[in-house]
Amino acid sequence: MFLFVNLAAMASARSIISENLIVEHRVFNTIMDNRIRQISESARLLSMDYAFKQSISSVDNKTLISIIENLRQRINADFITLVSLEYTVMADTIKPDLSGKQFMSRALIEKAEEQGELSSITIREGGYYQIEIIPILAPDPIAWLVIGFLINDTVLKDIKNLILAQISVFELDSGGRLKIVASTLPEGLKKLLFGKVKSANLSVEGNQSIILGQNEYISLISPLEKKGGSNLYVLLQRSMDDVLEPYYRLRTRLAIISLIGLLISFAVSMRISRSVTRPVSTLVDGVRQIEGGNYDLHIGVTQRDELGELSNAFNNMARGLKERDLVSDLLGKVVSPVIAKELLSKKVELGGEEKEVTILFSDVRNFTALSEKYPPTIILNMLNKYLTVMSAIIESHGGVIDKYIGDAIMALFGAPISHPDDVDRALHAALDMNEALNKLNVDFQSTGIPPIDIGIGINTDIVVAGNMGSAHRLNYTVIGDGVNLASRLEGLTKQYKKRIILSDSTYKKIKDSYKIEQIGEAYVKGKTKSTIIYTLIGKG
C-alpha cells in the first residue's frame, strides 16, 4: 500500500504540474501582452496630446529628450525613442547623442507603417527589449514613438510572483548555440540549466523532465519570438520537490505505519512458516545426502499433511535408490559397466539389432599345460592379475568386455555404443595389451611363474548385438559369422607365430597409420573360402 500510494502521488504530482504549466504559460503570455498594452495606451494618449505634437517640431532636442524622459518615467518603460518619418532619431532616452542618426532598425518602422503600429522584440546594447511602435497622429503620422521594455531577471521575477513557476528565456543563435537571456533560477541552478538544455530540447512538444542537481523539474518550452538570426524561447519549470513537500510529510507517517504493519506481518508469518520450513529443510538436507550417495536415510516427519506424505515418498525413494545402486554395482561387476548402463537404461527384453562391430579375441597360449604345473590358487591369482590389466586397457580405448572364457577375453568395439574410429581403438588396444604383457611377464618371473604368451585375433563385420538367452536369464552379446572369424584368427596366431592377426575387412577400415604386414591367404575352420590375413606389428 505504501508503494502504491507513493507511485500514485508521484503520478498525480506530474499530472498537476503539467496542467499548471500549460495554464501558467498562457498567463505568462497574457502578462507580457498586457504590459505592452498598458504602455501602448499610455503612449497613445500622449501621442494625441496637442501640446506634445506641437513640441515635436517647435522645441529643441534637449527639451524633446526631457519630454520623452518624463513620459518614460510615468509609464515605467526602459527606453523611449522618437523617430521621424525619414527613419532618423529625433530623441532617445538612453543615448541623447543619437539625434539626427539613422534609427537602429528601419525594418521595424516599415512594418509598423504597414500595420499601423507594431509589437515586437529587438536587441539593443546587448539586451532584449519588448517594444511597442506607435504613430504620433496629427491627424496623419508625423513621427513614431518607440517604447522599450527590457526583458531581464527582475521582470521575470515579478511575473514569477504571479504564476509561481520558474521562468527562463533562452536565445538560440544561427549557429545552434544556446544562451540564457534571463532567468528566475538561482545562479547555481542557472549554470546547471545551461549544461542540461540542448537545442534538441527546444523541439520537444509538451512537458519534459530536466534534472537540476538532486531535484527534478517538469519543464515546458515554447517559442517566444524569432528575431533576425536568433530565436527566443521561454522555459517554464516547476520543482517536483516543491509540489510534493506536503506529501513528503504524509509519506513519513505512511512509512512508519507500513513498517509497523510489516513487522507484525513478519512476526506472524515467521510463526506460521516454521511449521513448513522445518520439515522442508529436513527434506532438502535429505536430498543433499541422497545426492552425495547416502541412501541409508530416513526422514522422521510426523505431520499428517502433504509434507508427511512427501516424507514417506522420500523414504521410499531412498530405499529404492539404495536397491538400484546395489543392483547397478553388482551388475557392473558381472558385466562391463557400459553394458550394465545399457541394460539399466532400457527395457530389458530378448532381441537385438544389426551393427558393425570390431571383435577382439585374446587367449593365453598353453594355459592348460601351465595349470597342470602350478597349484590352482597361484594360477587363479596370476589369471586375475592378467585379466585385470588387459580389461583396463580394453576399456580405456572404449572397448567393452563381452565375456571371459576361462583365460580368453572377448571384447567389442562398436557395441552397444558406436564410435567412428572403433577399428583403430581395437588396434590401439591390441598393441597396448602386447606391451603390457611384457611388463606382466617380468612380474610373473619375479614370483617364480614362467612368462606367458597370448594371441589376439581382430575382425570387423556386421553382427547382431543384443540380449540373448531366455526370458528369465539373458546375456548382452554379439553373434554372427564375424564373431566366429575373430575367434579363428586368434587360433591362427599360434600357427603363424604372430601375436596379433587382422582380417581383411578390418584392414580396409583402418584410418590411423600402423606397421602391418600381409601374411597371405589362409583357410580357417568352418569356412570354404580363403581369407587374407595380416599381422599388426606396431604403430606407424
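Just a few scattered comments:
- Length added when fully stretched, residue 158-residue 468, from 0.36 nm per residue minus Cα-Cα: 101.1 nm
- Chain lengthening between residue 142 and residue 365 when straightened (0.36 nm per residue, less Cα-Cα): 66.2 nm
- D (Stokes-Einstein, µm²/s), Kirkwood Cα radius, the chain, 1.567 mPa s at 4 °C: 37 µm²/s
- The trypsin sites (Lys or Arg not before Pro) of the range 465-540 meeting both criteria, a DSSP state outside H, G, I, E and B (loop) and at most 12 other C-beta atoms within 10 angstrom of the site's C-beta, are 473, 497, 511, 525, 529.
- Highest to lowest packing among 215-222, 83-90, scored as the average C-beta count within 10 Å: 215-222, 83-90
- Loop sites in the range 188-287: trypsin sites (Lys or Arg not before Pro), DSSP, at most 10 other Cβ within 10 Å: 198
- Angle in degrees between helix 481-496 and the longest Cα principal axis of the chain, rounded to the nearest 10: 60 degrees
- Residue 191/residue 258 FRET efficiency (R0 35 Å; Cβ-Cβ; nearest 0.05): 0.35
- Listed residue pairs exceeding 22 Å between alpha carbons, taken from 509/539; 355/511; 403/511; 497/539; 494/525: 403/511
- The chain: angle of helix 240-291 to the longest principal axis, Cα-based, in degrees nearest 10: 0 degrees
- In this simple spin-label approximation, residue 354 and residue 242 carry label points 7 Å from Cα along the Cα→Cβ vector, and these lie 9.2 nm apart.
- Bins of 5 Å from zero: percent of alpha-carbon pairs in the range 48-150: 2, 13, 25, 28, 22, 8, 1, 0
- Note on residue 10 and residue 87: the extension gain reaches 22.0 nm, defined as 0.36 nm multiplied by sequence separation minus the Cα-Cα distance.
- Residue order, fewest to most surrounding Cβ atoms within 10 angstrom, among 184, 535, 63: 63, 535, 184
- The chain: angle of helix 61-75 to the longest principal axis, Cα-based, in degrees nearest 10: 60 degrees
All of the numbers you see were taken from the coordinates with simple rules; none came from a lab. The model shown is predicted, which means the values in this text are computed figures rather than measured ones. We place every Cβ from the backbone using ideal geometry, glycine too, and count neighbours over all the protein chains shown.
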